[in-house]
Structure formats: structure tokens, C-alpha cells
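A short worksheet on the structure shown next.
The values are calculated or read from the model by the stated rules, or taken from the named source; none is laboratory data. Worth saying up front: this structure is predicted, and the values here are computed from it rather than measured. Reconstructed Cβ throughout: ideal geometry from the backbone, glycine too, with neighbour counts over all protein chains shown.
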């Protein structure tokens with residue numbers, strides 16, 4: 001009963017603009033990813049374009065996957081992956097930008113904002129795709145990268161970037177300043193997003209023949225995480241509840257006593 | 001057994017107050033780690049240990065509860081959220097049960113119930129004055145008992161309750177008005193315009209963002225007006241603010257519970273003519289964690305909003321002695337529209353179809369098609385408020401021209417014409433540390449207006465309860481601050497009627513509600529004006 005009611009609640013969220021449009025974009029990204037995977041299974045050709053692979057190969061010795069090169073197709077795959085995974089994370093931001101704009105400018109301002117956001121991800125792709133291709137040449141390198149990504153997900157710095165995603169910048173609404181602010185905020189949001197999600201996407205690229213499953217799991221985890229409240233940056237395992245309050249140390253308490261008013 | 005919560009100044013409440021003092025004393029004598037202690041219960045609303053140490057509420061050698069208890073129970077209060085009302089109802093219920101147990105153990109009545117403070121009653125001049133029982137430093141005469149001998153400190157009195165006036169502490173009348181009861185929907189519209197009665201859709205949310213209307217006023221206003229800040233102190237320093245001024249200390253003041261009983265009563269009043277959300281995310285929420293309270297025996301009691309809707313049935317089993325609506329509910333399209341045309345064109349006060357929603361409409365929670373608000377003005381930069389402050393809001397000329405033309409048509413043709421759009425002022429990203437601050441917001445005042453500010457220009461009040469936590473970049477709101485939405489349709493209509501057309505700018509003036517508020521220093525990242533098709 002509770003599950004059914006929560007399901008109905010989720011359906012209400014999905015119907016609310018701009019979620020349908022973002023879902024449409026995301027579905028297109030997924031379609032490209034699925035198509036390329038099926039195509040790869042048939043010919044192996046495009047699949048080799050996937051820059052990673054050795055991790056999954058080591059898990060599945062019978063896999064036909066091989067370490068790949070940083071080809072243009074691999075870059076297209078990166079873009080498709082961003083299109084598939086990002087839109088649902090942006091519902092709040094796109095809505096904010098749209099509603100902070102004069103009605104006759106909504107379309108152009110949102111386009112400028114998205115341009116800033118996408119440019120950051122393209123730049124990230126230009127760096128990540130060759131890097132992942134290099135990681136894909138050696139199992140040890142790839143597993144090392146996975147370990148580093150796990151560490152990154154526990155770090156306070158990543159939490160700071162995630163908190164930045166929660167903070168809505170104020171955008172001006174008139175004149176050229178409106179476009180400038182939208183572009184700047186698109187860059188800033190794209191940057192924070194890339195820092196929060198990019199490393200996990202590297203591991204998805206390394207997942208080779210299970211990359212669709214890994215991508216789905218990563219999308220779910222990143223989306224859930226985005227809509228939960230911000231947390232104090234500190235070293236902690238992902239999704240472990242934060243302490244309700246920070247109990248000061250004995251030394252800190254002594255200092256507070258001196259400051260007692 | 002259904003118990004009755006009575007108004008604090010009613011004859012029936014006199015005995016309840018005396019036993020309340022005894023129970024507070026008993027709970028205050030329990031250690032922090034005891035889930036039924038005064039301090040533990042206050043920490044469920046909010047605790048900032050460093051501030052509690054600094055205030056001397058807890059001593060350096062205090063034994064803290066286990067980390068798991070802190071995580072499960074403490075700092076749960078839901079603010080700027082659609083869970084604000086149900087969470088506080090469950091919290092109050094848990095507190096009242098523990099309190100009653102202490103009353104019974106001390107020989108008090110088994111049907112003891114928490115009194116409430118109705119400060120909005122305009123028929124009683126003293127309603128806004130802090131009840132005497134809370135203002136006396138020593139135990140009131142006739143309250144002696146074995147636990148509290150004659151001359152004992154009064155458990156209902158706290159030093160850190162400063163208010164905004166010389167004693168007796170009196171709440172400003174602008175901060176207890178009940179416009180919230182006239183709102184149709186529990187949850188606000190797109191972009192929180194119009195604001196809802198109960199608060200915006202959130203997950204488990206301890207503060208930050210837009211207030212629901214009842215939370216904005218009287219809830220937030222009363223917190224600041226009672227807590228205040230230390231006379232001669234710094235209103236921007238948490239260490240100088242009263243317990244009631246901040247979420248992390250509010251539960252330490254015994255008046256907090258009577259204030260929230262009144263807020264809870266107002267929800268009961270609203271529910272008599274309106275409908276709670278049917279959204280399962282609300283009824284079965286929240287995610288990602290549950291609301292957890294201590295039971296009388298110290299065990300855990302978890303609840304969802306669906307469990308605390310009807311107070312008169314189990315498990316709550318209480319009613320209020322006065323659940324009548326103090327203001328007429330005003331439904332959209334009809335009565336509000338008629339009142340509007342009465343101002344704009346001098347037409348009839350009520351139209352034939354008063355727009356009262358049918359039972360079917362209420363059942364489904366459908367009040368007509370939802371329109372999206374449209375931005376028509378915004379400040380060009382952030383506004384720093386420090387004492388009386390003026391902010392210019394640039395207006396979009398084509399859209400404002402369209403608005404004034406429609407207002408003009410409504411003035412000329414009266415109710416036969418289409419209703420012009422409603423207008424809202426949105427204050428985004430309010431950040432600061434002056435939780436106690438109370439301000440008044442005026443629209444379109446003449447430049448030379450200084451002494452008597454025309455109430456026709458009053459857009460609403462601004463109370464910053466919770467702003468410190470909402471502004472903390474490392475807090476759960478990531479430093480986003482508070483948002484406030486004020487409907488300014490009436491003010492804009494009045495400006496139009498008086499011949500002061502909206503030009504290409506709107507003057508917004510922030511006026512401190514008292515001398516102590518004048519030193520408050522906070523920023524507003526953007527002041528925006530929206531219009532909404534009715």
C-alpha cells in the first residue's frame with residue numbers, strides 16, 4: 001500500500017515541468033547507449049571504441065571486450081552518457097533559471113545556461129576519454145582508478161561540490177547581465193556537477209560489458225544524492241547518515257567556557 | 001480519553017499552568033542523556049552544543065547521550081517544509097505525554113493537557129502580552145508544592161527571553177495576524193507563488209527556502225518577538241539572542257510549547273474548511289529518514305503525517321477549547337475577486353457566485369487550473385538590509401504596462417471585466433545571523449515618508465527565525481538562506497486607485513519593527529516581483 005502510494009507520488013513528480021522535457025533528453029541519451037551496446041555485441045566494432053573495459057574483462061574472462069582507444073566514437077559515447085545521466089539532476093536548476101527570467105526571454109536564457117553547462121562537460125570529456133583509454137590498457141591502473149574514485153566519494157571536498165549544487169545563485173533578469181549571469185551559472189553548475197559525478201562516470205566507462213547496468217546504478221545513486229539535503233563536509237562513507245550535531249572536544253568546551261556570556 | 005487544551009488565560013488553564021511548572025521542574029532535573037529530560041526534548045527541536053555550552057545550558061562535564069540517540073532524535077525540527085505542521089504536532093504530542101506523566105507522578109490530574117497561547121485574539125487587549133506565569137522570576141503565589149517550595153525559582157521563567165519591548169513583553173500586532181487561514185491550498189504554487197498554508201514540498205528538511213504562510217506568520221514573528229535579543233547586545237550575534245529566537249535553542253523556553261500548541265490549533269481550525277495534501281509523499285513521508293520521538297517510557301515512537309491528522313482520535317486524543325475560525329475563509333475567484341473589485345471600482349462587496357469550492361472540488365484538492373507565475377521585475381543587485389533600507393526593483397515595462405491597463409479596465413468596468421493578475425513580492429536568498437530580527441516591508445511609499453508609514457503600503461512582515469542555520473554554508477541548506485513571498489496585490493491595486501501607476505521601478509522599504517531590530521544586518525540576494533493570472 002505504502003509502496004503504491006509512493007509510486008503515485010513519484011508519478012506526480014515526473015509529470016511536473018520541466019521534468020518531462022528533461023526525461024525526453026535523458027531517454028535519447030539512453031537510446032544511443034543501448035543502441036551502441038547492441039551494435040557492439042553484433043559487430044564488436046563500436047564497442048571497442050569504449051575507452052575502458054579491462055576491469056569488466058578481468059571480472060568476466062569470456063568477455064569480448066578489449067581496452068580501447070580515445071576515438072571520436074568514444075567521445076560521442078561520452079556525450080550520450082552525459083545526456084542520459086545529467087538531465088534528471090537538473091530539474092531544480094532549469095526550473096529556477098526559467099522562472100528567474102522574463103517570459104519573452106525564458107527560452108534564450110535557459111539555452112545560454114545549458115550551453116555553459118554542456119561546454120563544461122565537453123571539456124571534461126576531452127580530458128576524461130583519453131585518460132580512461134589509458135587506464136584501459138592495464139588492469140592495475142583501472143582498479144587503482146576505481147579505488148581513487150571510491151576515496152573521492154568519501155571526501156569532504158566532494159561534499160563541498162555537492163553542497164554547491166544545492167546553492168542557488170541569484171541571476172539578474174535584465175539586459176546583457178541576464179545572459180552573462182546565466183552563462184556564468186551554467187559554467188559553475190557544470191563544474192560542480194562534473195566534480196561530483198565525473199569520477200563515478202569514469203568507473204562506468206571502465207565497466208565495459210556491464211556498463212549499462214553500472215550506468216543505471218550510478219544514475220540512480222547520483223539522482224537520489226542530489227535531492228537529499230546538503231551535509232557538513234567531512235570524511236564519511238556515502239549515504240551514511242550525518243551526526244545530528246558536532247559535540248565539541250574537551251579542549252573546545254574549555255574555550256567555550258571562557259567565552260561564556 | 002480525549003483531553004482538552006485550553007487557552008492560557010482561561011480559568012481552566014490556571015491549574016494546568018501550575019502543574020506545567022511542576023512538570024518542567026521535574027524534567028529539568030533529569031540528565032541530558034535521559035530521553036525524557038527537558039534538555040533532551042529541547043534538543044530534538046534543535047541543538048548547537050557549542051552554543052548550549054556557551055549559554056551555560058549544559059556544563060563541560062555533561063554526559064552526552066549515545067551517538068545513535070543523537071543521530072535518531074536530535075535536530076529534527078522541520079521548517080520551510082510541508083512537514084512543518086505534522087512534525088511539530090507529533091513533537092508536541094510526545095512532549096505533552098512525557099509532561100503529563102511527570103504531572104501525574106507529582107500528584108496532578110490524569111487529564112492534564114498543555115495550554116496554548118492565543119496571541120491573535122483581537123477581542124482581548126492583553127492577548128499579545130506574555131502571560132504573567134512566565135514573566136515572574138520566582139514561583140507565583142499559591143504554586144508551592146513539595147517539589148517547589150515557596151520562593152523557588154519559577155521553572156517557567158528564563159533569563160534569555162528578551163522580547164522587543166520593555167516588560168511586560170508584548171508582541172507587535174502586525175506579527176500575529178492570521179491571513180494564512182485564508183489560503184486555499186496547503187502547498188504553494190509554482191515557485192511558491194502563491195505561498196501555501198503549510199509549506200513547500202521537501203524531503204526531510206530542517207530549514208532553508210520559502211516558508212509556508214502559517215509558519216511565516218504568526219509562527220516566525222512570535223519567535224522573534226518573544227526571544228528578541230539582549231538589550232545593549234549585538235542582535236547579529238547568536239550569543240546575544242533569546243532562546244526563542246533560534247531553532248537550536250527555542251525548545252529550552254517553556255513558552256515555546258504553548259506557542260506551538262497555538263500553531264497546532266490554527267492548523268486544526270484551517271482543516272475545518274480546507275483539505276490537507278492527499279500526496280502520498282506527504283502522508284507517508286518523509287524520506288530519507290523517519291520522524292522519531294521518545295515515548296513516556298523512553299522507547300522510540302515513529303510517526304508519519306497520516307498518523308497525526310485527526311487530533312480527536314487515537315493516538316493523539318485531544319481537542320482545543322476553541323476551534324472556531326477567527327477569520328472568514330476566503331476562496332479564490334469569488335470572495336477575493338469581489339473584494340478586489342470593490343477596491344478597484346467601488347463595486348459590490350460580494351459577487352453572486354462567491355467561488356466557494358464545491359465538496360467535490362475540495363475532495364480532489366482541485367481549485368482550477370494552475371497558472372505559472374511570471375517575473376515582471378527584479379532588483380539589479382543584492383540588497384543589504386541594516387536598519388531602515390530602501391531597495392529599488394526594476395520593472396519590465398511592457399509587462400507592467402499590460403498589468404496597469406488591465407487594472408485600469410477593472411477600475412472602469414467593474415466586476416464584469418476579467419480579474420487582473422495578482423502580484424507577489426519574492427525575497428530570495430535572505431542570509432544573515434540575526435534570527436531575532438523582525439522587519440516590516442512597505443511598497444511604493446512616497447520618498448519623503450518618514451514618521452507615520454501608511455499601512456495601506458504595508459506588504460507584510462519579515463521575521464528571520466532560522467536564518468542563521470539556513471545561511472550556514474556547511475549546514476543542511478548549504479547556505480542558501482531563507483525565501484519569503486508576500487502577496488502585494490492589495491497594495492498594487494491601491495496604488496493604481498490612488499493614481500500612482502507602477503512606472504518602471506518599484507520602491508521597497510524595509511523598516512525595523514523595533515529599535516533593537518535596527519542593528520540587524522542581513523542580505524537579500526534578489527528582490528523579485530511576479531504576477532499570477534487568477
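Scan region B:168-191 and give yes if some residue there is closer than 23 Å to residue B:433 by Cβ, out of contact with any helix residue (DSSP H, G or I) (no Cβ under 7 Å at 6 or more places or on another chain) and in contact (Cβ under 8 Å) with a residue 12 or more places away in the chain, otherwise no. The answer is no, given that none of the residues of region B:168-191 is closer than 23 Å to residue B:433 by Cβ, out of contact with any helix residue (DSSP H, G or I) (no Cβ under 7 Å at 6 or more places or on another chain) and in contact (Cβ under 8 Å) with a residue 12 or more places away in the chain.
Give the residues of region B:283-303 that are touching a residue at least 24 places away in the same chain (Cβ under 8 Å), out of contact with any helix residue (DSSP H, G or I) (no Cβ under 6 Å at 6 or more places or on another chain), surrounded by fewer than 20 Cβ atoms within 10 Å (Cβ to Cβ) and within 12 Å of chain A (Cβ to nearest Cβ), sorted by residue number. Residues satisfying the conditions are B:287, B:288, B:289. Only one of the numbered conditions (1) modelled with pLDDT of 95 or more; (2) closer than 22 Å to residue B:395 by Cα; (3) in contact with a helix residue (DSSP H, G or I) (Cβ under 6 Å, 6 or more places away or on another chain) is not met by residue B:482, and that is (2). Residue check: residue A:172 meets all listed conditions (1) within 14 Å of another protein chain (Cβ to nearest Cβ); (2) over 30 Å from residue B:289 (Cβ atoms); (3) in contact (Cβ under 8 Å) with a residue 24 or more places away in the chain; (4) in contact with a helix residue (DSSP H, G or I) (Cβ under 8 Å, 6 or more places away or on another chain) but one, namely (3). Could you grab me the full set of residues in region B:76-109 that are assigned to a loop (DSSP other than H, G, I, E, B), out of contact with any helix residue (DSSP H, G or I) (no Cβ under 6 Å at 6 or more places or on another chain) and either modelled with pLDDT under 95 or away from every other protein chain (no Cβ under 14 Å) (or both)? Within region B:76-109, B:107, B:109 meet the criteria. For the condition touching a strand residue (DSSP E or B) at 6+ places or on another chain (Cβ under 8 Å), more than 14 Å from every other protein chain (Cβ to nearest Cβ) and under 22 Å from residue B:258 (Cβ atoms), residue B:38 does not qualify.
Just to be sure before I move on: is residue A:112 more than 14 Å from every other protein chain (Cβ to nearest Cβ), under 18 Å from the mean Cα position of the chain (by Cα) and surrounded by 17 or more Cβ atoms within 10 Å (Cβ to Cβ) in the structure I sent? Quick ask: steps written out before the conclusion?
Working: more than 14 Å from every other protein chain (Cβ to nearest Cβ): yes; under 18 Å from the mean Cα position of the chain (by Cα): no; surrounded by 17 or more Cβ atoms within 10 Å (Cβ to Cβ): yes.
No: the conditions fail for residue A:112.
Residue A:34: at pLDDT below 80, away from chain B (no Cβ under 14 Å), more than 30 Å from residue B:191 (Cβ to Cβ) and in a helix (DSSP H, G or I), yes or no? In short, no.
In region B:455-491, the residue that is surrounded by the fewest Cβ atoms within 10 Å (Cβ to Cβ) out of those that are part of a loop (DSSP other than H, G, I, E, B) and in contact with a strand residue (DSSP E or B) (Cβ under 8 Å, 6 or more places away or on another chain) is B:479. Report yes if some residue within region B:55-64 is touching a strand residue (DSSP E or B) at 6+ places or on another chain (Cβ under 7 Å) and surrounded by fewer than 20 Cβ atoms within 10 Å (Cβ to Cβ); otherwise report no. Scanning region B:55-64, I find no residue that is touching a strand residue (DSSP E or B) at 6+ places or on another chain (Cβ under 7 Å) and surrounded by fewer than 20 Cβ atoms within 10 Å (Cβ to Cβ), so the answer is no.
Which condition breaks for residue B:504 when tested against (1) within 24 Å of residue B:530 (Cα to Cα); (2) exposed (fewer than 15 other Cβ atoms within 10 Å of the Cβ); (3) out of contact with any helix residue (DSSP H, G or I) (no Cβ under 7 Å at 6 or more places or on another chain)? Going through the list (1) within 24 Å of residue B:530 (Cα to Cα); (2) exposed (fewer than 15 other Cβ atoms within 10 Å of the Cβ); (3) out of contact with any helix residue (DSSP H, G or I) (no Cβ under 7 Å at 6 or more places or on another chain), residue B:504 breaks only (3).
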